[in-house]
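J.: Would you mind keeping the following structure in view while I ask a few things?
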Amino acid sequence: ITVQKGDTVNLKITSVDVDHGFTLSAFGVHEQLEPNKTVEVEFVADKAGEYTFFCSVPCGRGHGGMRGLLVVR
């Protein structure tokens, strides 16, 4: 995900299988995701850099690979 510094970021996240978590610590985001329920996450990308987000709930096989990158330019 790439955004500009100062952007308001709005993510709609849905787990399609089991409980998951969405954590983006640099912006204080820590959400629990229940199956088939959409969670809306909103924050201001107020600092430039690259930030990792990840699943914060042990959810089974593949959990360790559940991560992504937020790039704020």
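The values are calculated or read from the model by the stated rules, or taken from the named source; none is laboratory data. Nothing here was measured: the structure is a model prediction, and the numbers come from that model. Note that we place each Cβ from the backbone using ideal geometry, even for glycine, and neighbour counts take in every protein chain shown. Note: accessible area is taken over every heavy atom of the protein model, side chains too, but ligands, DNA and RNA are not part of it. Shrake-Rupley method; radii C 1.70, N 1.55, O 1.52, S 1.80 Å.
J.: What number, in percent, do you get for the relative contact order of the chain if the mean sequence gap of Cα pairs under 8 Å and at least 6 apart is divided by its residue count? Can you show the working numbers first?
T.: Values: 156 pairs, mean separation 28.6, N = 73.
Relative CO of the chain lands at 39 percent.
J.: Taking amide H atoms as placed 1.01 Å from N in the peptide plane, list the residues 5 or more away in sequence, or in a different chain, whose amide H sits under 5 Å from that of residue 9.
T.: 43, 44, 45
J.: Here is a follow-up. Provide, for q = 0.22, 0.24 Å⁻¹, the log10 of I(q)/I(0) from a solvent-free Debye sum over equal Cα point scatterers in region 19-73.
T.: -0.88, -0.99
J.: Select from 13, 24, 52 the residue farthest towards the positive end of the dipole of the chain; place +1 on Cβ of Lys and Arg, -1 on Cβ of Asp and Glu, and compute about the Cα centre.
T.: Ranked along the dipole, the leading option is 52.
J.: Charges at C-beta only: +1 for Lys and Arg, -1 for Asp and Glu. How large is the resulting dipole of the chain about its Cα centre, in Debye rounded to 20? Don't skip to the end; give the middle numbers.
T.: On the way: 7 positive and 9 negative charges, 49 e Å.
Computed about the Cα centre, the dipole is about 240 debye.
J.: Let me ask something else about it. I'd like the Karplus ³J(HN,Hα) series for region 36-44: coefficients 6.51, -1.76, 1.60, θ = phi - 60°, whole numbers in Hz, and an x wherever there's a Gly or Pro.
T.: For region 36-44, the Karplus-derived couplings read 6, 10, 8, 10, 9, 10, 9, 7, 9 Hz, x marking Gly and Pro.
J.: Using a 1.4 Å probe over the heavy atoms of the protein chains, calculate the carbon and sulfur portion of the accessible area of the chain as a whole percent. Numbers along the way, then the final one.
T.: On the way: 2210 of 4580 Å².
Carbon and sulfur atoms account for 48 percent of the accessible area of the chain.
J.: Which whole-number value in Å² is the accessible area per residue of region 13-73, probe 1.4 Å?
T.: 61
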